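Report on the following structure.
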Amino acid sequence: NVGRNERIIDADQTFSPELRHWRDVFWLAIFIIHLIVLGVLLAIFGLNRFKTADRLNIDRYTEGFWENNNGLTETYWPKYAVAGGVGTGLGCIWLLLLGSRANQMMKVSVHILTTYLAVISVLCFWCEQFFWGVAFATGAALQFLYVIAVIDRLPFTMLVLQKAVKLVWSLPEVTRVAYAFMAVMLLWMGIWSFGAAGVVASSRGDLGRWWLLVVLSVSLFWTGAVLCNTVHVIVSGLVFLVLFHGGRNASSMPPNSLMKSLRYAVTTSFGSICYGSLFTAAIRTLRWEIRGFRSKIGNNECLLCCVDFLFQLVETLVRFFNKYAYVQIAVYGKGFNRSARDAWELFQSTGVEALVAYDCSGAVLLMGTILGGLITGTCAGVWTWITWRDRVIMVGSTAMLMGMVLVGLAMVVVESAVTSIYICYAEDPSLIRRWDPQFFNQMSETLHQRLQHRSARAREVLTQNQLDSHMQDTFHL
C-alpha cells in the first residue's frame, strides 16, 4: 500500500517538466536515420521505373543476379493507392462505430477471421500459389485452435473491451488523435508505395526483388508500430489522468492534458517508443500462441517440457518488452526497459498478472487488425489479378501490411484504454471502483477466481512431483 501511495503521488505530477528527460536517444537516432536512408532508396526505386524503364540507368548493376524487364512504377502504384484508401476507410469506419457497434465488430473479427483465412487459402491454391495457400491454411488452423483454447476467456475479455470502449467514447479527442496519425501514416505510405511499386516493376520472378520487399515491409512495420505506440502513449496518459482525477471535467485535472501528452510522446519519450516498437508486438503474439497451445497439449510430457521451456523464455522477454510499459512511459516519463520491468513487477506484486494473463483483449484487437489487413490485401490483389496475374501475391501481401497498419492505428485507442485500466487497478483499485463500481466487482471476482485456480494448479503439480519422487524411491528399493 505504501508503494502504491507513492506511485499515485508521483502520478499527480505527470506533466511536470522537471521529471521529464530524453530517454533511449540512441534508438531515436536509429529510427530517424532509417527513415532518411529508406526515403532516399524508395525515391530511387520508384523514379527508376517511373514513366521510363531504367530512367536512372541502374539496371546495369543488377545484371547477372536480377532479371530486368520493362515494367513501370505507375503500373502498380494505383493498386497501392487502393490499398491505402481501403485501409483508411476501414479504420475510419471503426472509429465512427466505436461507441455504438465496436463490441459487435470485435465479435465478428474473432469468428470470421478463420473463415476468411481459409477462403484466401483456397484462392491461393486456385491461382497455383502453393506456398501461400499452405501458409494461409496454417494460419486458419492456428487461429481456430487459438479461439478454441481461449473460448472460456472471451466473456471476460469482451467485458473489458466494452468498458474500454465506454471510456474512450467519453474522450472524443482521442479519436481525433487517431485520425491525425492515420493522415501522417498515409503520407509516408505514399512514398513507401512509390518505391515498392518500382521494386515490383523492376523484375520478374526474382528472389532479390522479394528480399527487397521484405526489407521494405519490415521498415513499414516498424514505422507503423512506432506511430501506433505513439498514439498508445498519448491516449493511455490521458486515460490514466481521467481515471486518477475522477473524470475529465474534474477541477484537479491538469490543463491541456492532451497536448502535453502529445508533446512528450513525440519528444522526450519518442526514443523509448521507437525502441519498444521493434520487439513488443512480435513477443506478445508469440506469447499468445504458446499460451493457447500449452493449454491444449494434454499429458504429452516430452512436448509439454519443450513448450514450457519456450514459455519460460518468452515470459522472461515479456518482463522487458510488454505493452504496459507505454502507460508507465506516458505517466512517469521512464525509459522503455525500466517501464516494462516496473509494470510487470507491479502486476506480480499485486497478483494482477493473473488477470492480465487471463484477458485476451489484445489478441481480439489483433484479430480485427489482421482482418482489416486481409480485406485490404484482397481488394488490391483482385485488381492486380485482373491485369497482372503473376504479381498478385506480391502486391496483395504488401497491401495487406498497409491495411494492418492503418486499421491498427484505429484499434490502438481501445488497447490504450485497456492497458490503462489494468495499470490503474494494480496501482490503486479504488480508482476503478470510483469510475465503475460494478466493473470493479467483476474484475475483483475474476481475479479471485484466477488466483484460486493458480493455487490449485500449484498444489496439484506439487502433489504430482511428490508422488513421482515416492514412486522413484520405491522403484530403487
Residue among R204, R176 that is at pLDDT 90 or above and either open to solvent by 20 Å² or more (accessible area, probe 1.4 Å) or β-branched (V, I, T) (or both): R176
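Kindly check whether there is at least one residue in region 113-126 that is of a type outside the set (A, V, I, L, M, F, W, C), in a helix (DSSP H, G or I) and at pLDDT below 90.
Step one: of region 113-126, the residues of a type outside the set (A, V, I, L, M, F, W, C) are 114-116, 121.
With in a helix (DSSP H, G or I) added as a condition, the list becomes 114-116, 121.
Now restrict to residues that are at pLDDT below 90: none.
Within region 113-126, not a single residue is of a type outside the set (A, V, I, L, M, F, W, C), in a helix (DSSP H, G or I) and at pLDDT below 90.
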Test: G133 is free of Cβ contacts under 8 Å to residues at least 40 places away in the same chain and closer than 24 Å to G198 by Cα: no
Residue in region 50-64 that is surrounded by 14 or more Cβ atoms within 10 Å (Cβ to Cβ) and modelled with pLDDT of 80 or more present: yes
Some residue of region 92-101 being more than 17 Å from I375 (Cβ to Cβ) and surrounded by 17 or more Cβ atoms within 10 Å (Cβ to Cβ): yes
F270 vs. criteria among the hydrophobic types (A, V, I, L, M, F, W, C) and over 15 Å from the mean Cα position of the chain (by Cα): yes
Of the criteria (1) open to solvent by 30 Å² or more (accessible area, probe 1.4 Å); (2) closer than 17 Å to F31 by Cβ, which one L212 fails: (2)
Hits in region 215-251 (condition: surrounded by fewer than 24 Cβ atoms within 10 Å (Cβ to Cβ), of a type in the set (S, T, N, Q) and part of a helix (DSSP H, G or I)): S217, S219, T223
Unmet criterion (only one of (1) modelled with pLDDT of 85 or more; (2) surrounded by fewer than 18 Cβ atoms within 10 Å (Cβ to Cβ); (3) not in a helix (DSSP H, G or I)) for I297: (1)
Residues located in region 134-171, provided they are modelled with pLDDT under 90, over 21 Å from the mean Cα position of the chain (by Cα) and open to solvent by less than 60 Å² (accessible area, probe 1.4 Å): S170, L171
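Name the residues in region 426-445 that are in contact (Cβ under 8 Å) with a residue 60 or more places away in the chain and either out of contact with any helix residue (DSSP H, G or I) (no Cβ under 7 Å at 6 or more places or on another chain) or crowded, with 18+ Cβ neighbours inside 10 Å (or both), would you?
The initial filter retains those residues of region 426-445 that are in contact (Cβ under 8 Å) with a residue 60 or more places away in the chain, namely 426-428, 431-432, 434-436, 439, 442-443.
Correct list: A426, E427, D428, L431, I432, R434, W435, F439, M443.
Quick check, is A281 modelled with pLDDT under 85 and within 20 Å of the chain's Cα centre (by Cα)?
Numbers: modelled with pLDDT under 85: yes; within 20 Å of the chain's Cα centre (by Cα): yes.
Yes; evaluated as a whole, the condition is true for this residue.
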Residue satisfying all of: in region 70-91; part of a loop (DSSP other than H, G, I, E, B) and open to solvent by less than 50 Å² (accessible area, probe 1.4 Å); modelled with the lowest pLDDT among these: G71
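Is it true that I370 is open to solvent by 40 Å² or more (accessible area, probe 1.4 Å), in contact with a Leu (Cβ under 8 Å, 6 or more places away or on another chain), of a type in the set (A, V, I, L, M) and more than 20 Å from C424 (Cα to Cα)? Let's see the steps before the verdict.
Working: open to solvent by 40 Å² or more (accessible area, probe 1.4 Å): yes; in contact with a Leu (Cβ under 8 Å, 6 or more places away or on another chain): yes; of a type in the set (A, V, I, L, M): yes; more than 20 Å from C424 (Cα to Cα): yes.
The answer is yes for I370.
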Per-region count, region 115-133, residues within 23 Å of the chain's Cα centre (by Cα) and surrounded by fewer than 18 Cβ atoms within 10 Å (Cβ to Cβ): 2
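The values are calculated or read from the model by the stated rules, or taken from the named source; none is laboratory data. Computed from a predicted structure; not experimentally measured. So basically every Cβ, Gly included, is an ideal-geometry build from the backbone, and we count neighbours across all protein chains shown. The accessibility values were calculated without ligands, DNA or RNA, using every heavy atom of the protein model including side chains. Shrake-Rupley method; radii C 1.70, N 1.55, O 1.52, S 1.80 Å.
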